[in-house]
Each structure stands twice: as structure tokens, then as C-alpha cells.
Amino acid sequence: MFSNSAKYAMKAVLFLALHTNDNQKWMVKDIYSRINVPQSYLAKILQELSKRDVISSSRGPKGGFYLSEANFDLPLIKIVDVIDGKQRLRSCMLSIKECDSDNPCALHDLVGNTNSEFIKRLEQTTILDLISDVKEGKSVLPL
């Protein structure tokens, strides 16, 4: 499914979505222990997400990372694509390079439709959708 890096990125984005705005920003040193991600690793992830406009950041005494209104409308697949690349979720579960619908591996038919549906849901679900479910008590996110 997700690499550890993508999991860390997802946790960080969701944390920022719940706790930040244009006027309240968080620094890496204040986030890493709350989401249980190594500080230097989190710094690299947040820098990449900011560079690719998944999250926002600002420098200076009141600077830090945050989600702007535009960031909330991004689909979850964007987070995974920035961290793992477009092929990670679409690649063979057994890491066989030649695996495709014409040359399927042993697991291809078993996970193919499930994986396609999961990718579709990631493409259709925004950060705001996920956070709304948490705020409404439909799901839990202990961050």
C-alpha cells in the first residue's frame, strides 16, 4: 500500500489540516513528536510537500507550515504522488516489472480491481473530506 514516507506525509498533512490556518503555523520541532515521525525525516517530507504546493509555508518569526484554503481541496492521491511517485500504488504487488494485464503475476487478478478502486477513492477524496469526517466524529485521528 503506502510506503512509510507516504504514511508520514499523510499524518503530517492531516495534523496540519486539523491544527493550522493562515494565522496559526507550526514548526517541524513542534509537530514531529505529536505524530511520531523522526524530526529530520519530517522536515524533508514537509519541505517537499511545500515545494509541490500540497501544504503552505512561510519564513520568519511567525513562520512555519500550514494548510491554506486551496490546500484543503487537493485530493489525497496528490500526497502519495509527491512522496512515492505516480507508479507506487499502480505497481505490481510482487514488484515484478513485467506484470500487467497482458502478463499478470499470481496476485494481479486478486488485487487489481481492489487496487484500482482504492486509487480512484484517493483521487476523489480531498483533504477537507477526510478532516470533515474526523470533525464530525465519523472517524478517529488521534493527532
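The values are calculated or read from the model by the stated rules, or taken from the named source; none is laboratory data. Given the structure is predicted, the values throughout are model-derived calculations rather than measurements. Here the Cβ is made from the backbone with ideal geometry for all residues, glycine too, and neighbour counts use every protein chain on show. When the accessible area is computed, the model is the full protein with side chains, heavy atoms only, and any ligands, DNA or RNA have been set aside. Shrake-Rupley method; radii C 1.70, N 1.55, O 1.52, S 1.80 Å.
One residue stands out among those in the range 84-143 that are surrounded by fewer than 10 Cβ atoms within 10 Å (Cβ to Cβ) and β-branched (Val, Ile, Thr): the one that is nearest to ASN36 (Cα to Cα), which is VAL140. Which condition number in (1) closer than 29 Å to GLU117 by Cα; (2) open to solvent by 40 Å² or more (accessible area, probe 1.4 Å) is the one that ALA6 fails? So the condition that ALA6 fails would be (2). Would it be correct to say that LEU18 is in contact with a strand residue (DSSP E or B) (Cβ under 6 Å, 6 or more places away or on another chain) and either of a type in the set (Gly, Ala, Ser) or in a helix (DSSP H, G or I) (or both)? No, not satisfied. Close contacts from the range 1-19, counting a first residue that is under 13 Å from ILE55 (Cβ atoms) and touching a residue at least 12 places away in the same chain (Cβ under 8 Å) and a second that is open to solvent by less than 60 Å² (accessible area, probe 1.4 Å) and not hydrophobic (A, V, I, L, M, F, W, C), with Cβ to Cβ under 7 Å and a gap of 6+ residues or different chains, come to LEU16/TYR66.
Listed by position, the helices (runs of 4 or more DSSP H) enclosed by the range 23-128 that each have at least 1 residues that are among the acidic types (Asp, Glu) and within 15 Å of the chain's Cα centre (by Cα) are 39-51, 76-84, 108-124. Looking only at the range 20-54, residues that are open to solvent by less than 40 Å² (accessible area, probe 1.4 Å) and within 14 Å of ALA6 (Cα to Cα) come to 8 in all.
Conditions (1) in contact (Cβ under 8 Å) with a residue 12 or more places away in the chain; (2) closer than 30 Å to ASP22 by Cβ, marked per residue:
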position: PHE65; (1), (2): yes, yes
position: ILE77; (1), (2): yes, yes
position: SER116; (1), (2): no, no
position: ASP129; (1), (2): no, yes
